[in-house]
Amino acid sequence: MPELPEVEAYRRLAEATALGRRITAVEAPDPWFLKGGLAAAEVVAALVGSRLVAARRRGKLLVLDTDRGRALGLRFGMTGRLVVDGTAGVGRLLYTSGRDDPGWDRFALRLARGGRLRVNDPRRLGGVVLDPDEEALGPDARSATAAQLGAALAGSAAPLKARLLDQTRLAGVGNLMADELLWRAALLPTRPAASLLPAEGRRLHRELRRTVELLIERGGSHLGDLIPHRLPGGTCPRDGTPLRRATVGGRTTWWCPSHQR
DNA sequence: ATTGTGGCCTGCCCGC
DNA sequence: TGCGGGCAGGCCACAA
């Protein structure tokens, strides 16, 4: 599903194909997809006639800046895909259809010379905002320093995984990447966030950086080494131990009871 | 403030 | 063969 690696792929797609192009029209057929009471007419007034000048990402939020100072914020939920001129930002997403049904196009920008930038989202869990509050998000997981990661975990009795998923503390880690990261860092998801020893904190930061880069390179949050084994009967690909499954931080969580401590 | 829970959304998969 | 129930998780509202 769209976590940091997928949204980074969307960002690169938008940057490569849409920058410099003028917005000629806005298609907003689904009022539900416009968040915070936003009206389609407001989006039209803010964007039509302007030109896309930057494609940025913070966590799972994609921000498209225009030359008139307004910014479009796109969220992809669990099943949202970005498609520009018929080219999709990623191949497959886990937990969703492989089809590209036009009826699932929830929002689109028509671009000069006949192109289209659209969000195709079967489950409608994504959304659109104008001038998103980027400061409400924590530091981006790709560039977070060890000190920033430490601050995100400090003083918290919540499960480590819950804190990693808290987008206001650290932006970009979703459920699949959290399981992959903790498996690689050999840390139990249920550990109190503030219980990490200094060496464990350094290890978590090192594995966060590595995991994010690896999954961006592979092209998806579901392309980790643990993820294929997150199934009933699955075993740890490192040591063969049967994986455990439970709900942690409100999400289905899989881990190796042997090497994750 | 912190932490946990439930609901939203809907395509897909499993068992009957 | 069709049907119904459960499942997936990002995000938000709400409660304790």
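Each reported figure results from applying straightforward, stated rules to the coordinates on display, with no laboratory input. Small disclaimer: the values here were computed from a predicted structure and weren't measured. Glycine also receives a Cβ, built like all others from the backbone with ideal geometry; neighbour counts cover every protein chain displayed.
Couplings for the range A:45-55, taken from phi via the Karplus curve 6.51 cos²θ - 1.76 cosθ + 1.60 with θ = phi - 60°, read 5, 7, 10, 5, x, 8, 10, 6, 10, 7, 10 Hz in order; Gly and Pro are left as x.
Summarising the strand pairing of the range A:1-137, around 95 percent of its internal DSSP beta bridges are antiparallel.
Sparsely packed loop sites in the range A:1-61 (the trypsin sites (Lys or Arg not before Pro) outside DSSP H, G, I, E and B with at most 14 other Cβ atoms within 10 Å) comprise A:LYS35.
Placing +1 on each Lys and Arg Cβ and -1 on each Asp and Glu Cβ, with no other charges, gives the range A:171-246 a dipole about its Cα centre of roughly 160 debye. So what does log10 I(q)/I(0) come out to for the range A:84-173 at q = 0.24 Å⁻¹, using the Debye formula with one equal point on every Cα and no solvent? Values returned for q = 0.24 Å⁻¹ are -1.15. As a length-normalised measure over Cα pairs under 8 Å and 6 or more apart, the relative contact order of chain A settles at 20 percent.
Note on chain A: with charges restricted to the Cβ of Lys and Arg (+1) and Asp and Glu (-1), its dipole about the Cα centre is near 340 debye. In the range A:12-107 the Cα-Cα distances spread across 5 Å bins starting at 0 as 2, 12, 22, 25, 23, 12, 4, 0 percent of all pairs. Binning all Cα-Cα separations of the range A:109-261 at 10 Å, short to long from zero, yields these whole-percent fractions: 11, 36, 33, 14, 5, 1. Using the Cβ-Cβ distance between A:ARG238 and A:ALA146 with R0 set to 25 Å, the FRET efficiency from 1/(1 + (r/R0)^6) comes to roughly 0.55. Run the numbers on the range A:146-261 and let me know its relative contact order in percent, using alpha-carbon pairs under 8 Å that are six or more apart. Reported relative contact order: 29 percent. When you work out D = kT/(6 pi eta Rh) for the range A:162-251 at 10 °C and 1.306 mPa s, using the Kirkwood radius from C-alpha pairs as Rh and the Stokes-Einstein form, the result is 116 µm²/s. In this simple spin-label model, placing a label point 7 Å from the Cα along the Cα-to-Cβ direction at both A:VAL44 and A:SER156 gives a separation of 4.2 nm. Candidates A:LEU62, A:TRP104, A:LEU160 compared by Cα position along the dipole of chain A: farthest toward the positive end lies A:LEU160, with charges placed on Cβ.
With the convex hull drawn over the C-alpha atoms of chain A, the volume per residue is 121 Å³.
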